[in-house]
Amino acid sequence: MTAQLIPDRPAPSPKRRRPRREYAASFIYDQPGPRGKRTILFGSIVSSVVFIVVIGLGLWQFADHGQLAPERWAPFTDWAIWSYLLVGLLGTLEAAAIVAVLGGALGVLLALGRMSHQRWLRWLSSTYIEIARTVPVLLMIYLMLFGLPQIGINLPTLWKLVVPLTIANSAVFAEIVRAGVASLPRGQREAALSLGMRGSQAMRFVVLPQAFRNVTPSLVTQLVSLLKDTSLGYIVAFTELLYRGQVLASYLHLLIPTYIAVTAIYLVVNGSLSYVASRLQRDQSRRRVKQPPLPALPAIDHTKAANA
């Protein structure tokens, strides 16, 4: 039967191992040619040399002003100093975790509202997102610190930081989730509806899980930005990492060594999250390039096909 349907199909060649396909970003920009690659290499070398020179000049200035003297760094060999800073790191992680949970939940609701068929709900969600993305977080913190007490509302110190960050980050989370939903083919939702699901069920069980999987690297990257924003907690005297660094620098009279230690802690934490985001991005790219193999058709015997 197959011979009659496909008389000109040649016999398949011996099965060979398919080469591994690597992720390419050619859909974002054109691949550079030989001249472009030389230009990129030259620019990378020059940038590296400039960076090394700047670091060397900075260290030379530190040494010239006595900032690299061993006695100035001796306090940081004591575990008590690091434990004092790590308590501030726990405060930073606590505030970031609360904002991530509240902002993430509110962001999902805002994203669903912006994609709603109800015009008033879509308008309300869009207005909130645009205002929250426009107003500076620092201004909202000052409102919590000085404005609300004027009308008799005095929130705890933690929530003076958490509420403004939640308002700002929920808008960003909403846009990330909406972009993830928009990136899915419409057939996903239509297939769920054809199976008898309601619109809310299709969104909850089919669309949102796939959207979250697609935007997970972006969500992790936003957590890095959120961790950095918690440094504004020093304004409301919340016990976070930067606030503890300020107190420690004033106590030890070691401004530069203290802030270098605080910077190192931020680099470790945020660098770890950035590494997780890049790994997730690479894993998603590898999953996208892997295509399921097509089913093999049987070989055609042209002699039998001619006799038929």
- Task: Determine whether S200 is closer than 22 Å to R133 by Cβ and part of a helix (DSSP H, G or I).
- Result: no
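Just checking, which of Q188, Q210, Q201 is open to solvent by 30 Å² or more (accessible area, probe 1.4 Å), under 23 Å from the mean Cα position of the chain (by Cα) and within 30 Å of Q281 (Cα to Cα)?
Values: Q188 fails: under 23 Å from the mean Cα position of the chain (by Cα); Q201 fails: under 23 Å from the mean Cα position of the chain (by Cα).
Going through Q188, Q210, Q201 in turn, the sole match is Q210.
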- Does any residue in the range 233-254 that is closer than 14 Å to W159 by Cβ and in contact (Cβ under 8 Å) with a residue 40 or more places away in the chain come within less than 6 Å, Cβ to Cβ, of a residue that is of a type in the set (D, E) and open to solvent by less than 40 Å² (accessible area, probe 1.4 Å) six or more places away or on a different chain, and which pairs are these? G233/E240
- Message: Condition (residue is of a type in the set (G, A, S), modelled with pLDDT under 90 and loosely packed, with under 12 Cβ neighbours inside 10 Å) applied to the range 46-61: is it met by at least one residue?
- Response: yes
- Query: Is it fair to say L155 is in a helix (DSSP H, G or I) and either without any contact (Cβ under 8 Å) to a residue 12 or more places away in the chain or aliphatic (A, V, I, L, M) (or both)?
  - Reply: no
- Message: Six or more apart or on different chains, Cβ atoms under 7 Å: show the pairs whose first residue is in the range 198-221 and closer than 12 Å to F173 by Cα and whose second is loosely packed, with under 15 Cβ neighbours inside 10 Å.
- Response: V215/A179
- Message: Looking at (1) open to solvent by less than 70 Å² (accessible area, probe 1.4 Å); (2) assigned to a helix (DSSP H, G or I); (3) touching a residue at least 12 places away in the same chain (Cβ under 8 Å), which one does L148 not meet, given that it meets all the others?
- Response: (3)
- For I81, state whether it is open to solvent by less than 60 Å² (accessible area, probe 1.4 Å), of a type in the set (V, I, T) and within 30 Å of I256 (Cα to Cα). yes
- Note on the structure: Contact list, first residue from the range 51-75 and within 18 Å of L248 (Cα to Cα), second anywhere and in a helix (DSSP H, G or I) and modelled with pLDDT of 85 or more, beta-carbon distance below 6 Å, six or more apart or interchain, is Q67/I256; R72/P257; W73/P257; P75/I81; P75/L252
- Task: Identify the single condition in (1) open to solvent by 20 Å² or more (accessible area, probe 1.4 Å); (2) farther than 23 Å from R114 by Cα; (3) under 20 Å from the mean Cα position of the chain (by Cα) that L227 does not satisfy, given that it satisfies every other one.
- Result: (1)
- Message: Could you check the range 253-276 and list, in sequence order, the residues that are among the aliphatic types (A, V, I, L, M) and open to solvent by less than 40 Å² (accessible area, probe 1.4 Å)?
- Response: L254, A261, V262, I265, V269
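Specify which of the listed residues (Q31, Q67, Q4) is polar (S, T, N, Q), modelled with pLDDT under 85 and part of a helix (DSSP H, G or I).
Numbers: Q31 fails: part of a helix (DSSP H, G or I); Q67 fails: part of a helix (DSSP H, G or I).
Exactly one residue qualifies, and that residue is Q4.
The values are calculated or read from the model by the stated rules, or taken from the named source; none is laboratory data. Note that this is a predicted model, so its numbers are computed, not measured. Glycine gets a Cβ as well: all are built from the backbone with ideal geometry, and neighbour counts include every protein chain shown. Please note that ligands, DNA and RNA were not included when accessible areas were found on the heavy atoms of the full protein model with its side chains. Shrake-Rupley method; radii C 1.70, N 1.55, O 1.52, S 1.80 Å.
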